[in-house]
Amino acid sequence: MSPPTGRVRPMDPEDVPRVAALYATVFGVRGAGALEGLRQALDEMFFRHPWDDDRLPSLVYETRSRAIVGCLGVMPRPMCVNGRRVQAAISHTCMVDPGSRTTLAGMDLIRAFLSGPQDVSIAQGTDRSRRIFEAVGGSTSLLHSMGWTRLLRPSRYALAFLGRHGLPAVVSAALTPWCRAADALAGRILPHPFRRPAAGPPGERLDPESLAACVADVARDRALRPIYDGASLKWLLELLARQDGDVVFDGSIVRDASAEIIGAYLYYRHASGVGDVVQLLARPTSVTAVFDHLFNDAYRHGLVAVSGQLDPRLVPALGARQCLFTRGDGSWLLLHSREPDLLAAVYRGDALLTRLEAEWWIGFVLARSLFRGGADADHGA
């Protein structure tokens, strides 16, 4: 047997510049400004989050010549299963230098991550990542790997789709007025779902304490749920809102007519006209009202569609609102645990696992940091 070419070790803050350089190599990032923005974002993700746990460090793969050729970020997150507090660990930013992909660097990083003291490991990945993860004992939550899309302005959504797939800009510009007219007509003469959703009671600006209380309330009947407090949500909300240019972060606390909190939502509005839901929370009896509040807000801001990750419990409400079910962004939600009841909660749809409890938002924030730094990159948001 040939000797190992390197080793997995905990990441140190001094490693961040080399990890940023690895990221630039893997994802084709160019530009000094972009690298500096990326270093700052990586440092915050690896070392400045509010769930620090020395037992669960982020990991790097270092060769015998001390080059860092692999990385796997680890973000600890407290959760509760059947009333018992457990430790989750979210993996993110898993990457291996292209020149080292024929080695065991990637496999060794994943094995080291899964052998940690956490009760459950949560990851997202491509088909290749899924094969590796399952080969070392992990499994895939197929339902949480699905997505949904609610069309708000179907003609303009179709036009935007064609534009992303090669429709010349001059043709798109010529068709835009006709699509606007078609959407306006559809909203007046066609039945639900193309009419503007009812507004309902006015929403309320997100604040960390109210959102923490909302999570605890709407998820109290879930077997597996995240645990948040005001401090951790303050850090998250500030980081999620640190966007500019063609992306706007928004959200709302939703109350009923008696001013009682019934849910909340967090989402991004893109210049493309599509909204990406990061988290949606709703009491079981108020799911439709919260969805309508979201859809009305998105419509009011001119969006053509809203998309999100599937929550199995919300399927009836999504179906009633004529949402399309898709494979989402193509990634898989991957899990590993030595506790059968914990995995069972996920597979029977009894877990609150949104994009905020997985890797999606981390990858989004890191990708946006490149654009704030003026990146010329192949890796887009």
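What follows draws every value from the coordinates through simple rules; no lab data is involved. Because the structure is predicted, anything quoted here is derived from the model rather than measured. Here the Cβ positions follow ideal geometry from the backbone for every residue, glycine too, while neighbour counts run over all protein chains shown.
Listed values, structure above:
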quantity	calculated
Difference of contour (0.36 nm per residue) and Cα-Cα distance, ALA241 to VAL136	34.2 nm
Taking the C-alpha atoms of region 6-145, convex hull volume expressed per residue in Å³	125
Net lengthening on full extension, ALA216/GLN40 (0.36 nm per residue, minus Cα-Cα)	60.2 nm
Segment ASP127-ASN82, extension gain: residue separation times 0.36 nm, minus the distance between their alpha carbons	13.0 nm
Efficiency of FRET between ARG55 and ALA21 - r from beta-carbon atoms, R0 30 angstrom, step 0.05	0.60
Largest-first principal axis extents of the Cα set of region 245-374 (Å)	45, 42, 27
Centre separation in Å (Cα based) which lies between region 272-331 and region 16-60	31
Projected label distance in nm at THR288 and ALA271, using a 7 Å step from Cα toward the beta-carbon	3.9
Given charges at beta-carbon only (K, R positive; D, E negative), |dipole| of region 205-245 in Debye	120
Using a Förster distance of 22 Å, the FRET efficiency for VAL315-ASP256 (Cβ separation, nearest 0.05)	0.45
Projected label distance in nm at ASP329 and ARG205, using a 7 Å step from Cα toward the beta-carbon	2.8
Neighbour-count order for HIS336, HIS301, fewest beta carbons within 10 angstrom listed first	HIS301, HIS336
